[in-house]
Amino acid sequence: MTERIYETPKSWLTLGVCAQIFENFKRSLEFDEPIPPFETRFKGRLESIVESVSQTFDGKQLNPTILDAASAYFYQIISGHPFENGNKRVAVLYTHSFLLINGLDFDLSFNEIYNFAVVVAMSGKGKVEVKEVRDFCREVIEKFTKDLDSR
């Protein structure tokens with residue numbers, strides 16, 4: 001864990017950034033099954049997610065820290081299903097990219113993070129409260145994030 005994770009994000013994900021990241025990494029995400037083209041996503045869902053994470057109310061960020069925003073991106077992409085397929089893989093990709101853009105990195109392998117995404121997706125289908133799932137996302141991201149400088 002790093003103190004930087006409690007700073008205000010310097011950059012946010014946008015639809016354009018998401019499209020570019022998706023196209024650059026799509027092939028590497030198709031390890032177990034194909035991911036449909038970016039243009040075939042459910043229109044409005046990803047846009048809503050990226051806008052809501054960086055949203056303000058009464059002049060204050062709703063997700064004021066990198067940790068808050070990363071947790072929100074991760075959870076909302078998994079639960080919001082903006083794509084026909086590959087939402088957990090894309091959630092990992094976008095959350096990781098957001099952290100990298102803000103000078104942080106996961107201290108877990110892609111497979112470990114993906115397994116975390118599977119747990120989050122499964123808990124969203126059960127009797128677990130949304131707040132509990134979001135808090136779980138926050139705890140894991142907080143624990144397994146490090147400064148890029150500490151490599």
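None of the figures in this text is laboratory data; all of them are computed from the coordinates on show. Nothing here was measured: the structure is a model prediction, and the numbers come from that model. Positions of Cβ are backbone-derived with ideal geometry, glycine not excepted, and every protein chain shown enters the neighbour counts.
Check region 83-96 and report whether any residue there is polar (S, T, N, Q) and in contact with a His (Cβ under 8 Å, 6 or more places away or on another chain).
yes
Specify which of the listed residues (LEU100, LEU93, LEU108, LEU67) is within 16 Å of LEU15 (Cβ to Cβ) and either of a type in the set (A, V, I, L, M) or surrounded by fewer than 17 Cβ atoms within 10 Å (Cβ to Cβ) (or both).
Being within 16 Å of LEU15 (Cβ to Cβ) and either of a type in the set (A, V, I, L, M) or surrounded by fewer than 17 Cβ atoms within 10 Å (Cβ to Cβ) (or both) holds for just one of LEU100, LEU93, LEU108, LEU67, which is LEU93.
Taking the conditions exactly as written (among the polar types (S, T, N, Q), more than 15 Å from CYS137 (Cβ to Cβ), touching a residue at least 12 places away in the same chain (Cβ under 8 Å) and surrounded by fewer than 18 Cβ atoms within 10 Å (Cβ to Cβ)), does THR56 satisfy them or not?
no
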